[in-house]
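Report on the following structure.
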Amino acid sequence: MKVSKPQVFQFKQFEVDQTNCGMKINTDGVLLGALLKPDYPETILDIGTGTGVIALMLAQRFPAAKVVAVEIDAHAAETASANFRSSPFADRLSLHAGSFQDYLRTGSPVKYDLIVSNPPFFLNSIKNANLRKQTARHTDHNFFSDLLSLTADSLNANGNLSLILPLATVQIAAVNAREAGLFLLNEIEVSSFPSSVPHRKIVTFGLSNSKEASTTSFAIYEREKRYSEQYKEALKDFFTIF
């Protein structure tokens, strides 16, 4: 039997073993963890935690917060749980192995100040032949209907739901958000270069529409092979290269 070699990504304050995870650490996840600006959340839920990297980043950023992570893939859940236990934030991190639908319908004991997700991003597309990667990367319309309706019921009055999504999926999520009684608060348009068309959006929803939604732009690179100052500033507390 072939044994997988550990695939460890070293951050400044913690490390993430990616072994047995269908979705590895990626730019989408670290940007979601780094760019959100909620008002000092005390209760955080990370849906589809994968390696656990977003939950770990948020635990580092918000020392008063307790973070619950949910992961449906059993192998990824085991790996994320081990990453949590080995981190400096172990006492504030917990993991639920199973679907977010089951957790939010029957298992969540609290309302959340912040719910985040880097969800599957291929909507109703050709499925990946690897079942584990398929679970991590593919979804359908029912997924977003469940995600938006259940998280709306699980937010505190002033809580936020933040997702990072491909542009093709943003409108589907927005429709489901409106149906769930959520309002767009802000969005961050992510592009590779300052002159590039955005390829991702970080969208944040809440239960109140007391102010007009804001839009900001974020470029990953200044030019080919050179990170932008925006990117370096966002990740300087996490990446060892900055």
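Given a cut-off of under 8 Å on Cα pairs at least six residues apart, what relative contact order in percent is computed for the chain?
Over the chain, the number comes to 17 percent.
Return the loop-located GluC sites (Glu not before Pro) in region 165-225 (DSSP other than H, G, I, E, B) with at most 12 other Cβ atoms within 10 Å of their own Cβ; answer none if there are none. Provide the component values of the computation, followed by the final result.
On the way: sites: GLU179, GLU187, GLU189, GLU212, GLU222, GLU224; in loops: GLU212, GLU224.
Those that pass, being in a loop and sparsely packed, are GLU212, GLU224.
May I ask for log10 I(q)/I(0) of region 147-188 at q = 0.24, 0.27, 0.28 Å⁻¹, from a Debye sum over the Cα atoms as equal point scatterers with solvent left out?
Listed by q, the Debye log ratios stand at -0.85, -1.06, -1.12.
Holding the Cα-Cα limit at 23 Å, pick out from LYS37/LYS236; LYS12/LYS201; LYS66/LYS201; LYS111/LYS232 the pairs that are longer than that.
Violating the 23 Å limit, Cα to Cα: LYS12/LYS201; LYS66/LYS201; LYS111/LYS232.
Let a ≥ b ≥ c be the square roots of the eigenvalues of the Cα gyration tensor of region 25-71; is it rounded (a/c under 1.5), or, if not, prolate (a/b larger than b/c) or oblate?
Verdict is oblate for region 25-71.
Per residue of region 220-225, in order, report the coupling 6.51 cos²θ - 1.76 cosθ + 1.60 (Karplus, θ = phi - 60°) as ³J(HN,Hα) in whole Hz, putting x for Gly and Pro.
Working through the residues one at a time gives 6, 10, 7, 7, 3, 6 Hz.
Compare GLN60, GLN101, GLN230 in a GNM of the chain, Cα atoms joined below 10 Å, and give the one with the largest fluctuation.
Looking only at GLN60, GLN101, GLN230, the biggest GNM fluctuation is shown by GLN230.
P(r) for the chain: what percent of alpha-carbon pairs falls in each 5 Å bin, starting at zero?
Calculated P(r), rounded to whole percents: 1, 6, 14, 18, 21, 18, 13, 6, 2, 0, 0, 0.
Antiparallel as a % of all DSSP beta bridges within the chain, to the nearest 5? Before the final figure, lay out each step's value.
Working: 20 of 47 bridges.
Looking only at bridges with both residues in the chain, the antiparallel portion is about 45 percent.
Specify the inter-centroid distance of region 91-107 and region 19-85, based on alpha-carbon positions, in whole Å.
First find each Cα centre; the distance between them is then 13 Å.
For region 9-236, what is the accessible area per residue in Å², given a 1.4 Å probe and the full set of protein chains?
Counting only protein heavy atoms, the per-residue value for region 9-236 is 47 Å².
The values are calculated or read from the model by the stated rules, or taken from the named source; none is laboratory data. These numbers were taken from a predicted model, which means no experiment stands behind them. No Cβ is skipped: glycine too gets one built from the backbone with ideal geometry, and neighbour counts run over all protein chains shown. All accessible areas refer to the heavy atoms of the entire protein, side chains included, with ligands and DNA or RNA removed. Shrake-Rupley method; radii C 1.70, N 1.55, O 1.52, S 1.80 Å.
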